[in-house]
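The values are calculated or read from the model by the stated rules, or taken from the named source; none is laboratory data. It should be emphasised that the depicted structure is a prediction, and the values quoted were computed from it without experimental measurement. Methodologically, a virtual Cβ is constructed for each residue, glycine included, from the backbone with ideal geometry; neighbour enumeration extends over all protein chains shown. For the accessible areas, the whole protein counts, side chains as well, though only heavy atoms, and no ligand, DNA or RNA atoms are used. Shrake-Rupley method; radii C 1.70, N 1.55, O 1.52, S 1.80 Å.
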Amino acid sequence: MSQQFDVVVIGGGPGGYVAAIRAAQLGFSTACVDATKNPEGKPSLGGTCLNVGCIPSKALLQSSENFHAVQHDFQKHGISVDGAQMDVAKMLARKNDIITKNAGGIAFLFKKNKVANVHGLGSLKGRQGDKWVIEVTDNGAVVDTLEATHVIVATGSSPRQLPGLPTDNQIVLDNEGALALSEVPARLGVIGAGVIGLEMGSVWKRLGADVTILEAMPTFLAAADQQIAKEAFKTLTRDTGLDIKLGVKIGEIVKGDKGVTVNYELNGEAVKAEFDKLIVSIGRVPHTAGLGAETVGLQLDERGFVVVDDHCLTNLPNVWAIGDVVRGPMLAHKASEEGVAVAERIAGQKPHVDFGVIPWVIYTSPEIAWVGKTEEQLKAEGIEYKKGTSGFAANGRALGLGQAQGTVKLLACAKTDRILGLHMIGPMVSELVTEGVVSMEFKAASEDLARIVHAHPSLSEVVHEAALAADKRALHG
């Protein structure tokens, strides 16, 4: 007999598990179906983000930054370290331990909130009265059948593959393979200078690999404010040592037993590059395989995304979809907020997720972060604006940290002074960007941010100074 629920969530990533918890908090009987397994073959909640994405990549970034600091930065503090070595196996074990702890934490939250944790692949099979039928399979065998009044699809995304070059995660790697290399490759190629390419390239470069990043776009980080992007390009190539080639036209790629050869064209010249490993990071595609979309008539667009309205409702009654599998930025925090919003809409509330104030972060060193409109977007839209910039070079806290590089740029409406964007590169800007998110959410003006007392010494003073600069009254620059 089928298990009966008010809400069934298909997918246990940052969108799905949060949606399930919020639905349960609102009094709905809730189940979450997720098929993810860890390397030991055990169920592991958290989706791509926790298992092979956001969380493990940050663990490796921190390990590699610590190793780099021992080799290059500690002497400035009067600390001498000779013969530092990196134990890659121990680094990966630490990363895996973090994943296990976090996945266990989600399982605990499910138990605490009385969310049924169902392991397997969830597939929509049709309607039974006013209920949706969800079949759960594991290794091809049916293990459970659920019925629910509401279904939330949160199946996420998968790495986009290069045509004719399947990922084997031995030589040709996606994000999962890039996080699990057992040793540092001598020559590492990366196709794609996006978030994954830059972060993974940075990790293995700091650990000793010779890293070349091949990017098809002629512009570096085209989605970012170009003043910040240009500074990031200079810093990452000069200080991190990444060899980033823009405007590359990829040709034939030949994979051998011990490496891969990439033929490409750059500035009209043919180039042949040989790598021991190749990371393919050319974006992600919505993951709907096995969902049963065709069976029940769930509408997908021409790119494979589940079609939803402004409230994340699909073309089917009481079937919702959130996160990477629908329109909008493929960001874990966007998925989580959509999950909360859908659960609350099912409960009759009227929440709202504003895509205009969703922060973006790239966890390189220094970090890159932004929220709101870029200067290029404001010009294209004909919006009159003013701007203020400030750097970390003279910031006491940044100097003490030994990370006194980077810039904060604030953009505000010339007529109303309302903050339209905040863009930055520098130490811990993944934390600082939230100051812009909060300000914009509350429709603050640059004057408001300039009048707020910021702690001294702190990195946040650079944001304060940028707000002052927007009104041409910077105090330290």
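Note on exposure: I358, I282, I253 ranked by accessible area (1.4 Å probe, complete protein assembly) read I282, I253, I358, with the most exposed listed first. Helix-only mean residue ellipticity at 222 nm, the chain, DSSP H runs n ≥ 4 weighted -39,500 (n - 2.57), per residue, nearest 500. What is it? It comes out at -9000 deg cm²/dmol, rounded to the nearest 500. Bridge orientation summary for segment 1-144: considering DSSP beta bridges with both residues in this region, about 55 percent are antiparallel.
For segment 92-156, the relative contact order is 19 percent, taking Cα pairs closer than 8 Å that sit 6 or more residues apart in sequence and dividing their mean separation by the residue count. Only one residue of Q349, L316, A270 has its Cα farthest out toward the positive end of the dipole of the chain, where Lys and Arg carry +1 and Asp and Glu -1 on Cβ, and that residue is Q349. Taking the DSSP bridge list for the chain and keeping only pairs wholly inside it, about 65 percent are antiparallel.
Unpaired cysteine residues in the chain (no second Cys Cβ under 4.7 Å): C32, C312, C413.
Distance between the pseudo-spin-label points of S80 and V453 (7 Å out from Cα toward the beta carbon): 4.6 nm. The figure for Y363 is an accessible area of roughly 70 square angstrom, using a 1.4 Å probe on the protein chains alone. Each Lys and Arg Cβ is given +1 and each Asp and Glu Cβ -1; about its Cα centre, the chain then shows a dipole of about 540 debye.
Here the accessible area is traced with a 1.4 Å probe on the protein chains. For segment 235-311, carbon and sulfur cover 44 percent of it.
Computed on the chain, with alpha-carbon pairs under 8 angstrom and 6+ residues apart, the relative contact order is 14 percent.
Taking 27 Å as the limit for the C-alpha separation, the pairs K205/K234; K42/K112; K234/K258; K245/K334; K379/K443 exceed it in the case of K234/K258; K245/K334. Remark: for residue pairs K58/K230; K131/K350; K373/K409, the C-alpha separation exceeds 21 Å in K58/K230; K131/K350. When semi-axes √(5λ) of the Cα gyration tensor in Å is computed from the coordinates, the matching label among (i) 38, 30, 22; (ii) 33, 27, 23; (iii) 44, 30, 18 is (i). Computing the accessible area with a 1.4 Å probe over protein heavy atoms, can you report the carbon and sulfur percentage for segment 42-137? That fraction is 52 percent. About the centre of its Cα atoms, segment 298-343 shows a dipole size close to 80 debye [charges on the beta carbon of Lys, Arg (+1) and Asp, Glu (-1) only; nearest 20 debye].
Extension gain for A186-K111 works out to 22.4 nm (0.36 nm per residue, less the C-alpha to C-alpha distance). Rounded to the nearest Hz, the phi-derived 3J(HN,Hα) couplings of segment 35-44 under the Karplus curve 6.51 cos²θ - 1.76 cosθ + 1.60 (θ = phi - 60°) are 9, 5, 10, 7, x, 8, x, 9, x, 9, where x marks glycine and proline. Rounded to the nearest 20 debye, the dipole size of segment 269-372 about its Cα centre is 120 debye, using +1 on the Cβ of Lys and Arg and -1 on the Cβ of Asp and Glu. Taking every C-alpha pair closer than 8 Å and separated by at least 6 residues, the mean separation divided by the residue count of segment 209-343 gives a relative contact order of 13 percent. Toward the positive end of the charge dipole of the chain, with +1 on the Cβ of Lys and Arg and -1 on the Cβ of Asp and Glu, the farthest Cα among V296, S365, T237 is that of S365.
With both labels modelled 7 Å from their Cα along Cα-to-Cβ, the K272 to D471 distance reads 6.4 nm. Using the 1.4 Å probe convention, the accessible area of the chain works out to 46 Å² per residue with neighbouring protein chains retained. Listed peptides 374-381, 87-94, 457-464, 266-273 appear in the order 457-464, 374-381, 87-94, 266-273 once ranked by packing, highest mean of other Cβ atoms within 10 Å at the front.
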